[in-house]
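The block underneath contains the structure these notes are about, expressed in structure tokens.
Each value in this text was obtained by applying a stated rule to the coordinates, not by laboratory testing. In this text, all values refer to a predicted model and were calculated from it rather than measured experimentally. So basically every Cβ, Gly included, is an ideal-geometry build from the backbone, and we count neighbours across all protein chains shown.
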Amino acid sequence: MTAARRIAIEVAGTVWDEWTAVEIIRDLAELSGSFWLELRDSARSTAAFPFATTAWTVAQAVKPGMTATVTVDGEPVLIGYVDEVIATAAEGDAWVELIGRDKTADLVDCTAAPTGPSEHNNIDLLAIAQRLAEPFGISVRAEVDVGERFARFVVDAAEPARAAIEKAARQRAVLVTSDGVGGLVLTRGGSTRAAGALQFPGNVIESEGRYAWQERYGDYYVLGQAEKAAQLDRSAAQLDARAAPRDTPVEVATDAEKAGVVITGHARDEMIGRYRPIVSVARMQTTAAPAQTTADWMMRTARARAQVLKLTCKDYRAGGALWRPNQLVFVDDRYQGVYRDMLIAAVAYRWGERGATTRLTLVGPASFDLLPEAAREQNHAQPRVLDRSAEALP
């Protein structure tokens, strides 16, 4: 296999590998992986325009909705569907673009339960995800303990399947991600480690850092509701002409009951010195502990995501293995002043003018930690070539 043909797509039993530009993306924040492939056929088009070009052949053979398998060095990295085929021709040139996503795209796009059932009782997270994903032909596996059962779980009308699954997963501190090849995975952030490290200068050929505070707040509040703290008779009389007056007054909730019904979680980021509050409303009934956990998670992940590195490295592999999302990797970037573990949040395999490269989006290890972990955000001690001020690092 030549270097230019290391990435291929199989559609309807035919393998196409003559691409002039490629990008395959797996991103924890987007759930569904995506691909974009472009084939330009200028030389053949000049000689035999507008017929008999490879681009024309691909455009005629591949149609939207077809199942596609994208491979890197023969290893499947994405199994899904072609969303778009864009065929373009001009004098002396012709090209075709294929755009698509992995199978979990249907969970992102489509309603979870259009015909019901909308309520599920005494069910755990894995079973919820399996029930909602099964009609789409998507398997679900759990790599971690999914926690206790939900006494009652409700799918909102018109709620997308992904949103419903993630709503339940957030309550159990579990991360929902795609494996890229037709399955959904219930896991936690950074559960595996990359086979290699990232070093700039070194195997990294481009380093970009983003340091931002606009999505950080001083106070994080989570408001929600729980079931009534006590079983009181608050039924109303029938509102018709024959209704008789109640012989007992309607009971009013006590302060203790109100505390049981209105739930508040609050977390404070001491690094934010000015008044910047934000409120999140729980999307399902909750209790005080999950509300506080969610508030802590909002604060912790916002802090971790305030520093994002985008590193472009040579080739698609490190230590013989493909770079993968949701892996911890050690980063030694003297320009950005980073010398510690970071989490691979997104991977983009590319082919273009630079040849085979991988664009890695890296965030703090706590960015997808739904439960607090040991301190993983601090640099290790090491001699500095360039020294950045402490304010730049969250």
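Observations on the model:
- Converting phi to 3J(HN,Hα) with the Karplus coefficients 6.51, -1.76 and 1.60 and the offset θ = phi - 60°, the stretch 160-167 yields x, 4, 4, 4, 5, 5, 5, 4 Hz in sequence order, with x at every glycine or proline.
- Converting phi to 3J(HN,Hα) with the Karplus coefficients 6.51, -1.76 and 1.60 and the offset θ = phi - 60°, the stretch 138-148 yields 10, 7, 9, 9, 10, 9, 9, 5, 8, x, 6 Hz in sequence order, with x at every glycine or proline.
- Debye log10 I(q)/I(0) at q = 0.30 Å⁻¹ for the stretch 294-336, Cα point scatterers: -1.20
- Fully extending the segment from Ala12 to Ile123 would add 36.0 nm, taking 0.36 nm per residue of separation and subtracting the current Cα-Cα distance.
- Evaluated at q = 0.11, 0.15, 0.16, 0.20 Å⁻¹, a Debye calculation over the C-alpha positions of the stretch 107-187 (equal weights, vacuum) places log10 I(q)/I(0) at -0.24, -0.45, -0.52, -0.83.
- Computed from backbone phi with θ = phi - 60° and the Karplus coefficients 6.51, -1.76 and 1.60, the 3J(HN,Hα) list for the stretch 323-339 is 4, 10, x, 6, 10, 7, 9, 7, 10, 10, 10, 5, 6, 7, x, 10, 8 Hz; x is used for glycine and proline.
- Computed over the stretch 302-369, the P(r) tail beyond 18 angstrom holds 36 percent of alpha carbon pairs.
- If R0 is 30 Å, the Cβ-Cβ spacing of Thr69 and Ala29 corresponds to a FRET efficiency of close to 0.80.
- Amide H contacts of Ala318: Trp323, each under 5 Å away and 5 or more positions distant or on a separate chain (H built 1.01 Å from N in the peptide plane; Pro and chain starts excluded).
- Averaging over all projection directions, the Cα-based convex hull of the stretch 3-102 occupies 6.3 nm² in the image plane.
- As a rough footprinting exposure proxy, the listed residues Cys313, Cys110 were ranked by other beta carbons within 10 Å of their own, and the order from fewest upward is Cys110, Cys313.
- Highest mean packing first, where packing is the average number of other Cβ atoms within 10 Å per residue, the peptides 69-82, 22-35 line up as 22-35, 69-82.
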